[in-house]
Amino acid sequence: MAHSPEVIAELEDKANLVRRNIVRIFESSKQGHAGGTMSSVDIVTALFFHHLKLDKNNCDWPERDRVVLSKAHAAEAIYAVLPEIGYVSRDMLDKYYAFRSQFQGHADRWCTPGIDYSGGSLGQGLSFAAGMAKAEKIHTAIHPPTVQVTTANYPKLILKYNPAYRVFCIVGDGELNEGQNWEAMMFAAKYKLDNLVCIVDYNKFQLDGPVEMIMPIEPLADKFKSFGWDVREINGHSIREITDTLDLVNNLYGDGKPKCIIAHTVKGHGIPVWESVHLHYSRLEGTTIAVKEGREIYG
Amino acid sequence: MAKYNKYVQIGPATATAGAAETAMVKVCQKYPNIVVVLEDMGMPGIEWFKKNAPERIVECGIAEANGAVIAGALAAEGFIPFIHSFSFAVIERAYNQIRQSILVDRFNVKITARDAPWGDLGISHDIVEGIACTRCLPNLVILNPADAVEAEKAYIAMVDYVGPVYFRMEYSAPAPYKIFTEDYPFEIGKAYAIKDGKDATIIATGYLVTEAIKAVEILEKEGLDVGILNISTIKPLDEEAIIKVAEQTRAIVTAEGGTIIGGLGDAVASVLAESAPAALVKVGVEDEFSQSARLTAEVDELKDFFGLGAKDLVISVKEAIAKREQFKLVRK
């Protein structure tokens, strides 16, 4: 679909900037959830630099789009974006995990401007996102929103339903082992939460090993579909596919279906030493090698 | 009849269940942002919502984990969500969800729960650990009213307070006495001395306040002047009030319907040990689960089986007084 090559190239540059910031984060922290952070970089970049409705001067703007990072251990990916938006100072990149830092080990709503959900206990984010989407439905019924959701590509789009805000939830594949996700899926379908987009960062690995060995979740798309969701599968490292798909689902508000984008990704993507072993958590010496590699690639 | 303090007028047993209903109808007219998050277990005042505000009913079905997190998210967006079920479900089934998605961010969710250590439904539903398993959770206020008047006032105060609250309703316990007058000024975090006494003090919560009143009347006839301190806010605990009665009598009996491990008795014990040494006897369920009993006279039988009746309190008061003499503790 209709994103210009310039827009895509610009976003790809942003994704590399985010990766450079992540390398800086690991350089000082010497530890962190490396694999799941790197696999979600392109998704996070497309959301924050292109798709989300945000106010750069007010991270609490009531009509901002919500991002619920259910896999809150991948917070480094969003932390790497926040200084670029201006929600936190760039110095924070050197304070990940530090005592009293705005960059806590897992995403934390109270500490960090721009974070909407305090996660870390897996499997709850989709419920929280569904609750926020339901809140929007109740609010909008009473107070119709003032700003029309549009994107660069569909400026004259006439929406069947104009949500005050949309809710984007990023879930990991491993955390889909948690039964609560499926409670949330039933809930979202029941209340026709078409303002909710669940993006599965499907990097195929969880802590103990491959998802298909630990607890198989396939056929994942069919499962979401059977729960009444609109499902699309994409390459989660193709900025073009991510942005086009996000714009496509943007077209569908009012169809009464919650949206699921299954993004096929690679654990540790972008840092060869992490990618080669599908690393979940990096600490100390291993981090030094990865940082050296990262510096060579991203500057 | 013993002499009680202001705002106390002992009356016949009155069930508390209706109080929450009445209070809910009052508060939902004052707060148009209350939403009820159902877990297939009804809700006090639900009929009002069905009739007047069906758009504010969010039914999650039998999925308490999801329900708790949905409530947290609705609170994040400015609503005052209520969740309601048995404690074993609404609290324990969703313990980590409440911790992570409600308490960590101090979301303004009201958790109302039917629970009591006794009752018809038996071991699965009659929770003895309700206070113990919640008292350790940061950011959570725990209310456990003693009678219908206090239940209604506490329910309203819970909504006026901004933050997460666990409101306990001891539905299947025997109906408590009517204890308070209509002008009783309930305040979250304040214990109320129902009766002063110089020989000993029973520090009681919930239905056990009624048994404490019965016990005090028996002891009065035996020539002992025993006070009653009603703890309706389990957390934050009114330590000042506990220290005051401990210094006055140096003989304390705690009385609660649930387990004595981690319950009110242990909370009081830490206050006494740290600030006001006193002889202490803890009355409550002794490290065991409950069982079924028909909601007639059998509930009383079960209560006596657990050693939670007035006559058990009478023995415990005497034991506390004997301990005080043994420990040579001096009253102020």
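The values are calculated or read from the model by the stated rules, or taken from the named source; none is laboratory data. Bear in mind the structure is a predicted one, so any value in this text is a computation, not a measurement. Cβ placement follows ideal geometry from the backbone for every residue including glycine, while neighbour counts extend to all protein chains displayed.
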**Complete:** Of B:Glu21, B:Glu55, the only residue that is within 12 Å of chain A (Cβ to nearest Cβ) and surrounded by fewer than 20 Cβ atoms within 10 Å (Cβ to Cβ) is B:Glu55
**Request:** For residues that are of a type in the set (Gly, Ala, Ser) and either over 19 Å from B:Ala200 (Cβ atoms) or in a strand (DSSP E or B) (or both), tally how many sit in the range B:259-281.
**Result:** 4
**Prompt:** How many residues, within the range B:108-156, are within 14 Å of chain A (Cβ to nearest Cβ) and crowded, with 24+ Cβ neighbours inside 10 Å?
**Reply:** 1
**Message:** Need the failing condition index for A:Ile78 against (1) assigned to a loop (DSSP other than H, G, I, E, B); (2) without any contact (Cβ under 8 Å) to a residue 40 or more places away in the chain; (3) under 17 Å from the mean Cα position of the chain (by Cα), just the number.
**Reply:** (1)
**Fill in**
Within the range B:60-71, the residues that are at the interface with another protein chain (Cβ under 8 Å from one of its Cβ atoms) and touching a Lys or Arg at 6+ places or on another chain (Cβ under 8 Å) are B:Ala65, B:Ile70
**Request:** Quick one: count up the residues across the range A:81-91 that are assigned to a helix (DSSP H, G or I) and either of a type outside the set (A, V, I, L, M, F, W, C) or at positive phi (or both).
**Result:** 4
**Complete:** Apart from one, (1) of a type outside the set (S, T, N, Q); (2) more than 14 Å from the chain's Cα centre (by Cα); (3) more than 22 Å from B:Ala310 (Cβ to Cβ); (4) not in a helix (DSSP H, G or I) all hold for B:Gly189; the odd one out is (2)
**Fill in**
All conditions in (1) within 14 Å of another protein chain (Cβ to nearest Cβ); (2) under 29 Å from B:Asp300 (Cβ atoms); (3) aromatic (Phe, Trp, Tyr) are true of B:Phe49 except (2)
**Subset of the range B:41-61 [among the hydrophobic types (A, V, I, L, M, F, W, C) and touching a helix residue (DSSP H, G or I) at 6+ places or on another chain (Cβ under 8 Å)]** = B:Met41, B:Met43, B:Trp48, B:Phe49, B:Ala53, B:Ile57, B:Val58, B:Cys60
**Request:** Return the only residue of B:Ala116, B:Ala94 being at pLDDT 95 or above and either aliphatic (A, V, I, L, M) or more than 26 Å from B:Lys214 (Cβ to Cβ) (or both).
**Result:** B:Ala94
**Prompt:** Out of B:Gly284, B:Gly309, B:Gly262, which single residue is surrounded by fewer than 21 Cβ atoms within 10 Å (Cβ to Cβ) and either under 26 Å from B:Val8 (Cβ atoms) or touching a Ser or Thr at 6+ places or on another chain (Cβ under 6 Å) (or both)?
**Reply:** B:Gly309
**Prompt:** Quick check: anything in the range A:191-202 more than 14 Å from chain B (Cβ to nearest Cβ), touching an Asp or Glu at 6+ places or on another chain (Cβ under 7 Å), surrounded by fewer than 20 Cβ atoms within 10 Å (Cβ to Cβ) and not aromatic (Phe, Trp, Tyr)?
**Reply:** no
**Request:** Take the range A:103-139 and flag every residue that is within 7 Å of another protein chain (Cβ to nearest Cβ), touching a Gly at 6+ places or on another chain (Cβ under 9 Å) and among the aliphatic types (A, V, I, L, M).
**Result:** A:Ala135
**Message:** I'd like to verify a number: residues in the range B:157-177 that are surrounded by 17 or more Cβ atoms within 10 Å (Cβ to Cβ), of a type outside the set (Ser, Thr, Tyr) and outside any loop (DSSP other than H, G, I, E, B), how many?
**Reply:** 7
**Asked** Using beta carbons and a limit of 7 Å, which pairs, at least six apart or on different chains, have the first residue in the range B:72-93 and more than 11 Å from chain A (Cβ to nearest Cβ) and the second one polar (S, T, N, Q) and part of a helix (DSSP H, G or I)?
**Response** B:Ile91/B:Thr134
**Test: residue in the range B:128-149 that is free of Cβ contacts under 8 Å to residues at least 40 places away in the same chain and of a type in the set (Gly, Ala, Ser)** = no
**Complete:** Scanning the range B:24-33 residue by residue, those free of Cβ contacts under 8 Å to residues at least 60 places away in the same chain and either assigned to a strand (DSSP E or B) or more than 14 Å from chain A (Cβ to nearest Cβ) (or both) turn out to be B:Val25, B:Cys28, B:Gln29
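Okay, residues lined up against (1) surrounded by fewer than 19 Cβ atoms within 10 Å (Cβ to Cβ); (2) in a loop (DSSP other than H, G, I, E, B); (3) modelled with pLDDT under 95:
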site: A:Ala221; (1), (2), (3): yes, no, no
site: A:Lys225; (1), (2), (3): yes, no, no
site: A:Leu246; (1), (2), (3): no, no, yes
site: A:Leu252; (1), (2), (3): yes, yes, yes
site: A:Gly256; (1), (2), (3): yes, yes, yes
site: A:His269; (1), (2), (3): no, yes, no
site: A:Leu279; (1), (2), (3): no, yes, yes
site: A:Arg295; (1), (2), (3): yes, no, no
